[in-house]
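A quick write-up on the structure given underneath.
Readers should treat all values here as calculations from the given coordinates under stated rules, not as data from a laboratory. Note that this is a predicted model, so its numbers are computed, not measured. Virtual Cβ from ideal backbone geometry, glycine too; neighbours counted across all protein chains shown.
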Ligand SMILES: Cc1cc2nc3c(=O)[nH]c(=O)nc-3n(C[C@H](O)[C@H](O)[C@H](O)COP(=O)(O)O)c2cc1C
């Protein structure tokens, strides 16, 4: 079977899979470089790192880790085996992963289902039903996280309540930080064509505080925003890793995407409440929960309605290749 890198269409198919990944404020901070027909390289795009809320580049690495998981799946669907080496070159820290492809067995049923979920998965900031996620499904999500070297810790009612309080306090503190508000506004108000979080995906304002969804209107109060009643007991889970270095963030991103895609296969949606983690990074605070691992994502899971899609950049923008080859590919990649 031909390597996906052997044809323009194959490369396009990898790019389209990668760019569907979730990313912090939809910054899509990834790039793909090809090297011959066997190796694809995933790089971050530091110009898209959030200077205020992501000083260490943690969220940028997580986002790229999620894109890497999609790439791995797309390569498996093409009947190849991706051998991934993370941060392979200390001289080039922007190079996050090198993926060598070799012919292998056809994708199995799980890989095919996860791959089909890539296009359907969305961050869902609408109210969820008051329906509990069955323990067997939650156990499957925990296994998914551990397969990628992370931990998914579901919180019981009391712990979820405490964490929501922390989220509320973090929101209050962030609400007084001008730099943060300006950065949030730059990525959430107005941008709509290719990146950022446009209004049509913000969801309604919650009828109570602390809000179980992140309110992107903090820096630019939105007029006439819908108010809705949210589920009475949000089901929260924290994704953690043992370490807290770039390599751990890449594992966390891959774990995040495996969990989200598996959740999607079960009809479960997710949104995120990472305000305490942003504050931790911004103020260089130690992680209060690090005894149970370093928290990387705070997730709200449940059964929600269908929601619109957030925009994506044209796939061709993500490709780093010989400029002449790039020009040849551009018309194909304007999706
Ligand atoms: C590292 C990371 C952090 C995120 N933090 C939040 C968050 O705190 N609140 C939120 O509502 N969405 C959060 N998101 C979701 C992004 O906003 C979302 O992925 C992006 O807007 C693209 O939309 P999509 O997931 O529907 O494709 C986060 C995503 C990533 C990867």
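Quick look at the values:
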{"read-out": "Relative contact order (%) - the chain, alpha-carbon pairs under 8 angstrom, separation at least six", "value": "25 percent"}
{"read-out": "Size of the range 224-323 as Cα extents on the principal axes (Å, biggest first)", "value": "51, 39, 32"}
{"read-out": "Calculated over the range 3-119: convex hull of Cα atoms, volume per residue (Å³)", "value": "98 Å³"}
{"read-out": "Hydrodynamic radius of the chain per Kirkwood, over alpha carbon pairs, in Å", "value": "20.3 Å"}
{"read-out": "Peptides 104-116, 297-309 ordered by average Cβ neighbours within 10 Å, highest first", "value": "297-309, 104-116"}
{"read-out": "Whole-Å distance, taken between Cα centres, linking the range 255-313 and the range 68-99", "value": "22 Å"}
{"read-out": "Alpha carbon Rg of the range 135-302, scaled by the compact-globule rule 2.2 N^0.38 Å", "value": "1.04"}
{"read-out": "Calculated FRET efficiency for the pair residue 136/residue 225, C-beta based, R₀ 35 Å, to 0.05", "value": "0.40"}
{"read-out": "Cβ-based exposure ranking for 60, 1, 101, 282, in which fewest neighbours within 10 Å come first", "value": "1, 282, 101, 60"}
{"read-out": "Taking 171, 38 and counting other C-beta atoms within 10 Å, the order from fewest to most", "value": "38, 171"}
{"read-out": "Pairwise centroid distance, computed over Cα atoms, of the range 118-133 with the range 159-217, Å", "value": "18 Å"}
{"read-out": "Linear extension gain, residue 292 paired with residue 208, 0.36 nm per residue minus alpha-carbon span", "value": "27.3 nm"}
{"read-out": "Residues 69, 272, 216, sorted so that the one with the fewest Cβ neighbours within 10 Å comes first", "value": "272, 216, 69"}
{"read-out": "Cα gyration tensor category, rounded, prolate or oblate, for the range 109-174 with a/c compared to 1.5", "value": "prolate"}
{"read-out": "At R0 = 22 Å, FRET efficiency that the Cβ-Cβ distance of residue 108 and residue 38 yields, to 0.05", "value": "0.45"}
